[in-house]
Amino acid sequence: MKTDYKYDNLGNLDTDYYVEKAYEMRRVYLSLAFKKVVAGVKKVIVSLIPNRSVQGHTAH
């Protein structure tokens, strides 16, 4: 297990550093999750649109 911790200039555990790291990790996770949701919604919408087959049909 890694035991290298970051400390502030008073020798205390640098909680501000770790809180910021947690926010960064959360931003990355939420960004990836949102992209996955958007892709899923697009896939559902595309599957609901009927295929526009022009085979055997004329425009006139």
query = For LEU32 and ILE45 in the same chain, what is the full-extension length gain: residue separation times 0.36 nm, less their Cα-Cα distance, in nm?
reply = 2.7 nm
key: Simple spin-label estimate for ASP4 and ALA22 in nanometres, 7 Å along Cα-Cβ   = 2.3
note = Cross-link reach from LYS6 to lysines, straight Cα distance under 26 Å and at least 8 residues apart if same chain, gives LYS21
message = Rounded, prolate or oblate, given the Cα gyration tensor of the range 1-48, with a/c below 1.5 counting as rounded?
response = prolate
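Each reported figure results from applying straightforward, stated rules to the coordinates on display, with no laboratory input. Computed from a prediction, not measured in an experiment: that's the story for all the values here. No Cβ is skipped: glycine too gets one built from the backbone with ideal geometry, and neighbour counts run over all protein chains shown.
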